[in-house]
């Protein structure tokens, strides 16, 4: 159902092209692995702008993906610390 609504919204905006608020999101799409996820003003789902993918995520699912990505990066990249300068107390 959400996919059909998204397609209808895309078709409507293509027919009447007005500028709508769009927030580009930093995580890759789980469907196509491209940086094409956006949140449009007034919508409650995150959508992929890749026409060959068209994935939809609820905001809750996107937030869960953000938390999972953060956890992976935290494990992969240990805390970076500034190098110690000889003679200077930390």
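Does any residue of the stretch 73-81 turn out to be at negative phi, modelled with pLDDT of 90 or more and surrounded by 10 or more Cβ atoms within 10 Å (Cβ to Cβ)? Before the answer, list the steps.
Within the stretch 73-81, the subset at negative phi is 73-81.
Subset that is modelled with pLDDT of 90 or more: none.
Within the stretch 73-81, none of the residues are at negative phi, modelled with pLDDT of 90 or more and surrounded by 10 or more Cβ atoms within 10 Å (Cβ to Cβ).
Working only within the stretch 19-51, note down all residues that are within 8 Å of the chain's Cα centre (by Cα) and more than 17 Å from residue 63 (Cβ to Cβ).
Within the stretch 19-51, 35, 36 meet the criteria.
Return the residues of the stretch 31-71 that are in contact (Cβ under 8 Å) with a residue 40 or more places away in the chain and under 21 Å from residue 1 (Cα atoms); say none if nothing qualifies. Before the answer, list the steps.
Initial filter on the stretch 31-71 (in contact (Cβ under 8 Å) with a residue 40 or more places away in the chain): 45, 47, 54, 56, 69.
Scanning the stretch 31-71 gives 45, 47, 54, 56.
The values are calculated or read from the model by the stated rules, or taken from the named source; none is laboratory data. Keep in mind that this is a model prediction, so the values were computed, not measured. Backbone-built Cβ (ideal geometry, glycine too); neighbour counts: all protein chains shown.
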